[in-house]
Amino acid sequence: MSRIGRLPIPVPAGVTVTIADDNTVTVKGPKGELSQKVNKDIKVEQVGAEVIVSRPSDSKPHRSMHGLYRSLINNMVVGVTQGFEKKLHIEGVGWRISEWNKNQLTVAVGYSHPVIVDAPAGIEFDVDKNNVNFTVKGIDKQQVGAIAADIRAIRKPEPYHGKGIRYEGEYVRHKEGKAGKK
């Protein structure tokens, strides 16, 4: 039995889970609504204040899907109650980021032009007042991570000077520069 898949998913008060006939799980909560289509072989049922995910056999495809769908449904429940966020930081002299009404970022990181990043529906940006720390927030964990990765890809941290956009707490290994002549 999967260690992740066998755990029941607690459903807090104020959250409703609906399981349709085509195995689509919809979770509604105070922050919004998310839905996920589950493979027809995986059984999802709500028992009281818990959601149970089970598999029909111990075949390799069923084992792999069991833990996956349990994690996806759990992330939906956490997303509609607490939400997800990724914190990023810009390292570089004169580099900054600014926001326009929580759905658009202007990133100035050494290019000849500022890079504009539009937030898709359900994603919100929050920039600190020092214009180098910012947060990507939303209810969909996958979407928050993808947008944060796209912003980081604008200027990845480079190993020689450490300049670039990095996640909070990310370690960038510094390399030694070119050796001079003796």
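The values are calculated or read from the model by the stated rules, or taken from the named source; none is laboratory data. Please read all numbers here as calculations on a predicted model, not as lab measurements. Positions of Cβ are generated from backbone atoms using ideal geometry, with glycine treated the same way; all protein chains shown enter the neighbour counts. Quick note on the areas: whole protein, heavy atoms, side chains included, nothing else; ligands and nucleic acids left out. Shrake-Rupley method; radii C 1.70, N 1.55, O 1.52, S 1.80 Å.
Couplings 3J(HN,Hα) for the stretch 32-44, derived from phi with the Karplus relation 6.51 cos²θ - 1.76 cosθ + 1.60 (θ = phi - 60°), are x, 9, 10, 9, 9, 7, 9, 3, 5, 6, 8, 9, 10 Hz, where x marks Gly and Pro. Cross-link partners of Lys37 among aspartates and glutamates, defined as those whose alpha carbon lies under 16 angstrom from its own and excluding same-chain residues fewer than eight positions apart: Asp21, Asp22, Glu45, Asp140.
Across the alpha-carbon set of the stretch 1-81, the Rg to Rh ratio works out to 0.95, Rh being the Kirkwood radius.
The length gained by stretching the chain between Tyr160 and Ala108 to full extension, at 0.36 nm per residue less their Cα-Cα distance, is 16.7 nm. Using Cα atoms only, what is the angle between the long axis of helix 60-81 and the major principal axis of the chain, expressed in degrees (0 to 90) to the nearest 10? With rounding to tens, the tilt is 70 degrees.
Would you mind checking Lys86/Lys141; Lys87/Lys175; Lys137/Lys163; Lys129/Lys175; Lys43/Lys141 for any pair whose Cα atoms are more than 20 angstrom apart? Mind dumping the intermediate values first?
Details: Lys86/Lys141 10 Å; Lys87/Lys175 25 Å; Lys137/Lys163 24 Å; Lys129/Lys175 31 Å; Lys43/Lys141 23 Å.
Over 20 Å apart, Cα to Cα: Lys87/Lys175; Lys137/Lys163; Lys129/Lys175; Lys43/Lys141.
Per-residue SASA remark: Met76, around 10 Å² accessible (1.4 Å probe; ligands, DNA and RNA not included). Among Gly110, Pro12, Asn130, pick out the residue whose Cα is farthest towards the positive end of the charge dipole of the chain, where Lys and Arg carry +1 and Asp and Glu carry -1 on C-beta, about the Cα centre. The listed residue farthest towards the positive side: Gly110.
With every protein chain left in place, what is the accessible area per residue of the stretch 25-68 in square angstrom, probe 1.4 Å?
Values: 2600 Å² over 44 residues.
Per-residue value: 59 Å².
In the chain, helices alone account for a calculated mean residue ellipticity at 222 nm of -6500 deg cm²/dmol, with every DSSP H run of four or more residues adding -39,500 (n - 2.57). For the stretch 85-96, the Karplus equation 6.51 cos²θ - 1.76 cosθ + 1.60, evaluated at θ = phi - 60°, returns couplings of 8, 10, 9, 10, 9, 9, 10, x, 5, x, 7, 8 Hz by residue, with Gly and Pro reported as x. Between helix 141-154 and the chain there is an angle of about 20 degrees, using the helix long axis and the longest principal axis of the Cα atoms.
Of His89, His113, His66, the residue with the greatest mean-square motion in the GNM of the chain, using alpha carbon springs below 10 Å, is His113. Each 5 Å bin, from zero up to the one with the longest distance, holds this percent of the alpha carbon pairs of the stretch 107-182: 3, 13, 21, 21, 18, 10, 6, 4, 2, 1, 1, 0. Distance between the pseudo-spin-label points of Tyr171 and Ala49 (7 Å out from Cα toward the beta carbon): 4.1 nm.
Within the full protein context, the accessible area of Val93 is estimated at about 140 Å² for a probe radius of 1.4 Å. Exposure check, 1.4 Å probe, all protein chains in place: Thr16 carries approximately 80 Å² of accessible surface. Taking Lys and Arg as +1 and Asp and Glu as -1, the other residues whose beta-carbon sits under 11 Å from that of Lys141 total -1.
For the stretch 91-127, state which chymotrypsin sites (Phe, Trp or Tyr not before Pro) are in a DSSP loop and have at most 15 other beta carbons lying within 10 Å of their beta carbon. Show your work: numbers first, answer last.
On the way: sites: Trp95, Trp100, Tyr111, Phe125; in loops: Trp95, Tyr111.
Counting only loop positions with at most 15 other Cβ atoms within 10 Å, the chymotrypsin sites (Phe, Trp or Tyr not before Pro) in the stretch 91-127 are Tyr111.
Given the stretch 1-149, report the % of alpha carbon pairs whose separation exceeds 28 Å. Of all Cα-Cα distances in the stretch 1-149, 35 percent exceed 28 Å.
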